[in-house]
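Heads up, the thing below is written out as structure tokens.
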Amino acid sequence: MKWLKINTVLLVAVLSFWMPVSQADTQFRVIVDASGSMLISDPDKLTSEALRLISNLAPEEQATLGIWLFGEEPRVLLPESTVNKATKAKLASYVNSYVTQDVKTDLEAIIKLLLKTPDSGNLASGFSRHWILVTDGMVDISLEDSVNKASRDRILNQLTSELEDRGIHLHTVSMTGYTDKALLESLSLRTNATHTEVAIPEDLLDTFDRIFSQASPSDELPFDGDHFLVDDAIDELTLVVFHDGGRQPRITKPDGSALALVNSNSVSVSAAEHYTLLTVRRPAAGNWTVSNVDLERSSVRVMTDLGIQASTIPPIVFQGEATASSVGVFQENALIQDLDVLGLLNVEQTLVRLSGEQKETVFIHNMALKDDTFVQTIGAISEPGNYELISLVDGKTFSRQMSQFFTVNPAIEFSGTNPSGNLIAFSAKPVNLRLDVLSSHIMLEFTYNNGTTKMEEMPLVGQGYWEKIIPVETSDTVKVRAQLSGVTQTGSEFEYWTPFWHFNKQADNSLEVGLGQVSSVGAVLLSAPILEKDAMPVMVPPAISIVTDAQEQIETQSEGLKPDQESSPVTENTGNLSEQEWILYALLNVGGIIAIAGGIFLYRRLKHKSTDRDDINDV
């Protein structure tokens, strides 16, 4: 029996070697709120367009996509599979027909389901996981607040820890201002992802585009007004434009003719009500013009042998933390080191703060050339929020641009409570594992009514956070804030002051503790960018990209399970083979032998023809 099993395994291995292998390096799982309130939050079903957008952006065979709905109970809308033409067609037929009428929002159940759902599609070893949660509500599974709170606590504790352990980035999107912002922010911060509050449904398209860019950074061409310059090194460009509903963009080629927005051998078009995505293969060099679109929201991604790469910026940057950045120019995946060539380039970075429809430019600075890369240190950022760092290389005859997205947030969550009697407890908990808790320390500053201040150390407790319990004996109002001397896991040091809290004893001896008035720092950037000439930058290529074919292919065996299947223990039957097993093994062996024989026959036939042709040439 064993020889037959071994023989079958060997045949399958030989056949798999003969078959072409293409592996996906990114997993996208989208979780959509299907409660009835989504009809109000998203009346035009922009969520459906956003789902189509991310499937159109994902390069075929290089990503997997699955979509789930949740409300009273979780369910699958699109089973997870490798993104290809069939997947896109199936999604297009599904997204406009799903129903949003559930009366509850059981977020715990859908996260549990996805954590149990096996990965599907041909995913490469070490692939990245990006999950996107879109909701307009809170945890709402019962009329009893205690039941909802218990579910919320399980999400924040057990489930979020499991997401962290598995390296899952859970991006959260709030469709209204009535969502549980604290819960959604915590999920994203702890999983190195972004939380976005969508002011209007149309912003959902930009949010999905930004999440995809964060997962798959790529070379882009910058817009100069309403046009962009294509050079001879561009093999393919993908233009993503957003526009008013029903309006068709106009693309003018360098020769002045309009690009026909129809599928052909050189052009692929995916059009929706509010966006158009088109790919042009071997585009003509020169100035291309775009009209009838929102240029501020549009982008041009390219495949090219002449591109740029930037050092990685952490998805979560702590408030008060400086960040080093470096940019290199690459030709055919090799870093250009010719100083005469690099000296002709102008490289600048622009930091933009994203807030709904508003974009605030924080700074625009040139980078300094050090050895063969351009470097700069971005000063500590004081205002929390989502940011975009744009690196632009201008070579006069060509230009390249890359956008990197990250979130700035305090490294700790500082709060005060009255646990019992005359005791006040202050605690500080890390919001992200980038903070090295053992190397960091916190001091508490107490400010009294008479103007005096006192500093006390806040001890680190065994559960991985800081806590200080204080007996209150005076009726004075005392202000308290914490000073974090932080150290990241990579050894970067920074300082951060929390907002003030206050506490005092009331006339009836009860204690009052609360957050004091929050004052704005004013400047977004605490210090100006530094041209870090002495720092040695480390170039890190993008994890995945839609613009390069030079991806390392790592062969792995995919389980190929459906999304609604749960993994179960497998026991090996060492007894006699059943009749069905004999038939299966026989079919596999016969099929393998036929395939190998066919290959040998084809090879000999081609070789024979080649020999005959050589003989004719000799004559």
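The values are calculated or read from the model by the stated rules, or taken from the named source; none is laboratory data. Please read all numbers here as calculations on a predicted model, not as lab measurements. Note that we place each Cβ from the backbone using ideal geometry, even for glycine, and neighbour counts take in every protein chain shown. Just so you know, the surface numbers come from the protein's heavy atoms only, side chains and all, with ligands and any DNA or RNA stripped out. Shrake-Rupley method; radii C 1.70, N 1.55, O 1.52, S 1.80 Å.
All of (1) closer than 23 Å to Asn56 by Cα; (2) among the polar types (S, T, N, Q); (3) modelled with pLDDT of 95 or more; (4) in a loop (DSSP other than H, G, I, E, B) hold for Thr238 with one exception: (4).
Flag: Ser216 does not match the condition of being without any contact (Cβ under 8 Å) to a residue 40 or more places away in the chain, hydroxyl-bearing (Ser, Thr, Tyr) and either closer than 14 Å to Arg400 by Cα or surrounded by 14 or more Cβ atoms within 10 Å (Cβ to Cβ) (or both). Here is the figure for region 243-264: residues that are crowded, with 16+ Cβ neighbours inside 10 Å and among the aliphatic types (A, V, I, L, M) total 2.
Residues in region 133-152 that are hydrophobic (A, V, I, L, M, F, W, C) and either in contact with a Lys or Arg (Cβ under 9 Å, 6 or more places away or on another chain) or in contact (Cβ under 8 Å) with a residue 24 or more places away in the chain (or both): Leu133, Val134, Met138, Val139, Ile141. Among the residues of region 265-277, write down those that are among the hydrophobic types (A, V, I, L, M, F, W, C), part of a strand (DSSP E or B) and either open to solvent by 10 Å² or more (accessible area, probe 1.4 Å) or within 15 Å of Arg247 (Cα to Cα) (or both). Those that are among the hydrophobic types (A, V, I, L, M, F, W, C), part of a strand (DSSP E or B) and either open to solvent by 10 Å² or more (accessible area, probe 1.4 Å) or within 15 Å of Arg247 (Cα to Cα) (or both): Val269, Ala271, Leu277. Taking region 468-480 as the range and being open to solvent by 60 Å² or more (accessible area, probe 1.4 Å) and either under 20 Å from Ser439 (Cα atoms) or among the β-branched types (Val, Ile, Thr) (or both) as the test, only Ile469 passes. Just so you know, in region 435-453 the residues that are within 43 Å of the chain's Cα centre (by Cα) and part of a strand (DSSP E or B) include one that is nearest to Pro315 (Cα to Cα), and it is Leu435.
When Thr447, Thr490 are checked against the criterion of being polar (S, T, N, Q) and farther than 21 Å from Leu515 by Cα, a single residue qualifies: Thr490.
Residue-level analysis places Ser403 outside the set of residues that are out of contact with any His (no Cβ under 7 Å at 6 or more places or on another chain), more than 20 Å from Pro217 (Cβ to Cβ) and surrounded by fewer than 20 Cβ atoms within 10 Å (Cβ to Cβ).
The single condition from (1) over 25 Å from the mean Cα position of the chain (by Cα); (2) under 28 Å from Ile132 (Cα atoms); (3) open to solvent by less than 60 Å² (accessible area, probe 1.4 Å) that Ile234 fails is (2). Quickly run through region 398-434 and pick out the residues that are hydrophobic (A, V, I, L, M, F, W, C), under 30 Å from Asn366 (Cα atoms) and not in a loop (DSSP other than H, G, I, E, B). Hits for region 398-434 are Met402, Phe405, Phe406, Val408. Among the residues here, Ser55 qualifies as among the polar types (S, T, N, Q) and in contact with a Lys or Arg (Cβ under 9 Å, 6 or more places away or on another chain). Residues in region 322-355 that are in a loop (DSSP other than H, G, I, E, B) and among the small types (Gly, Ala, Ser): 2 in all.
Taking the criterion of being of a type in the set (A, V, I, L, M) and either surrounded by fewer than 20 Cβ atoms within 10 Å (Cβ to Cβ) or within 22 Å of the chain's Cα centre (by Cα) (or both), the residues of region 406-431 that qualify are Val408, Ala411, Leu423, Ala425, Val431. Pairing residues of region 372-400 that are at pLDDT 95 or above with residues that are charged (D, E, K, R) and open to solvent by less than 10 Å² (accessible area, probe 1.4 Å), at Cβ distances under 9 Å and at least 6 apart in sequence or on separate chains, gives Ser391/Arg400; Leu392/Arg400; Val393/Arg400; Asp394/Arg400.
The single residue among Thr117, Thr135 that is under 20 Å from Asp153 (Cα atoms) and β-branched (Val, Ile, Thr) turns out to be Thr135. For first residues located in region 408-425 and under 30 Å from Thr488 (Cβ atoms), partners that are loosely packed, with under 14 Cβ neighbours inside 10 Å and of a type in the set (A, V, I, L, M, F, W, C) and lie 6+ apart or on another chain with Cβ distances below 6 Å form the pairs Ala425/Ile469.
Elements of the type helices (runs of 4 or more DSSP H) sitting completely within region 34-150 and holding at least 1 residues that are open to solvent by less than 40 Å² (accessible area, probe 1.4 Å), modelled with pLDDT of 85 or more and more than 23 Å from Thr194 (Cβ to Cβ): these cover 85-94, 107-116. Number of residues in region 382-400 that are open to solvent by 10 Å² or more (accessible area, probe 1.4 Å), in contact with a Lys or Arg (Cβ under 9 Å, 6 or more places away or on another chain) and more than 12 Å from Thr194 (Cβ to Cβ) equals 3. Kindly establish whether Arg282 is touching a strand residue (DSSP E or B) at 6+ places or on another chain (Cβ under 6 Å) and open to solvent by 50 Å² or more (accessible area, probe 1.4 Å). For Arg282, the condition - touching a strand residue (DSSP E or B) at 6+ places or on another chain (Cβ under 6 Å) and open to solvent by 50 Å² or more (accessible area, probe 1.4 Å) - is not met.
Within region 286-302, being open to solvent by 40 Å² or more (accessible area, probe 1.4 Å) and either within 23 Å of Asp232 (Cα to Cα) or under 20 Å from the mean Cα position of the chain (by Cα) (or both) holds for Asn287, Thr289, Arg297.
If the Cβ limit is 6 Å and pairs must be 6+ apart or interchain, which residue in region 460-474 that is closer than 10 Å to Ala428 by Cα pairs with which residue that is open to solvent by 80 Å² or more (accessible area, probe 1.4 Å) and not in a loop (DSSP other than H, G, I, E, B)? Here the result reads Tyr465/Lys429, each pair linking region 460-474 to a residue that is open to solvent by 80 Å² or more (accessible area, probe 1.4 Å) and not in a loop (DSSP other than H, G, I, E, B).
Is it true that Ala199 is surrounded by 22 or more Cβ atoms within 10 Å (Cβ to Cβ) and either on the phi < 0 side of the Ramachandran plot or in contact with a strand residue (DSSP E or B) (Cβ under 9 Å, 6 or more places away or on another chain) (or both)? Here the answer is no, as Ala199 does not meet what is asked. Among residues of region 319-377 being among the hydroxyl-bearing types (Ser, Thr, Tyr) and open to solvent by less than 30 Å² (accessible area, probe 1.4 Å), the one that is nearest to Pro430 (Cα to Cα) is Thr323.
Please list, ordered by first then second residue, the pairs with beta carbon atoms under 9 Å, 6 or more apart or interchain, first in region 279-308 and farther than 26 Å from Asn333 by Cβ and touching a residue at least 60 places away in the same chain (Cβ under 8 Å), second open to solvent by 10 Å² or more (accessible area, probe 1.4 Å) and acidic (Asp, Glu). Sorted first by the residue in region 279-308, then by its partner, the pairs are Asn287/Asp224; Thr289/Asp226; Val290/Asp226; Ser291/Asp226; Leu295/Asp226; Arg297/Asp206; Arg297/Asp209.
Annotation: Gly462 fulfils all but one of (1) assigned to a loop (DSSP other than H, G, I, E, B); (2) under 22 Å from Ala507 (Cα atoms); the unmet one is (2).
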